[in-house]
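One structure below.
The values are calculated or read from the model by the stated rules, or taken from the named source; none is laboratory data. Because the structure is predicted, anything quoted here is derived from the model rather than measured. Here the Cβ positions follow ideal geometry from the backbone for every residue, glycine too, while neighbour counts run over all protein chains shown. Protein only, heavy atoms only, side chains kept; ligands, DNA and RNA dropped before computing areas. Shrake-Rupley method; radii C 1.70, N 1.55, O 1.52, S 1.80 Å.
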Amino acid sequence: MTRPNPNFDLTVDDVDLIETALCQSREILSQRRLSYEHCAHVEGGPSREKARLTGEALTRIQDLLGRLSTQKIVRSPAAGVL
């Protein structure tokens, strides 16, 4: 049985690329969600479920972007303080 590797070898540039891709996906999904919501308002039915699922994906992306941002913050002592 396989298990996830807890050690990642990602550079800051790798994380920046992931962030950029997630932001682009977020924009695309946001537009798609608006379209689904409009269709749900006009037609009802399946578009409402698509809008809900897209909203859940957007929430997960936003949460992940927040966690990535937190991981990138480097805390160091103020200059001159030892």
Exercise for the section: Just need log10 I(q)/I(0) for the chain at q = 0.11, 0.21, 0.26 Å⁻¹, Debye formula, equal scatterers on the alpha-carbon atoms, no solvent, rounded to two decimals. Expected result: -0.50, -0.97, -1.15
Practice task
Just order 1-7, 37-43 by mean Cβ neighbour count inside 10 Å, highest at the front, would you?
Solution key: 37-43, 1-7
Exercise for the section: On a 0 to 90° scale, report how tilted helix 12-42 is relative to the longest principal axis of the chain, with both axes built from alpha carbons and the result rounded to the nearest 10. Expected result: 20
Completion exercise
Counting only protein heavy atoms with a 1.4 Å probe and every protein chain in place, the carbon and sulfur fraction of the accessible surface of the chain in whole percent equals 57
Practice task
Provide the FRET efficiency to the nearest 0.05 for the His41-Val15 pair, computing r from the beta carbons and using R0 = 41 Å.
Solution key: 0.60
Handout entry: Computed label-point distance, nm, for sites Arg26 and Thr2 using a 7 Å Cα→Cβ extension
Key = 3.0
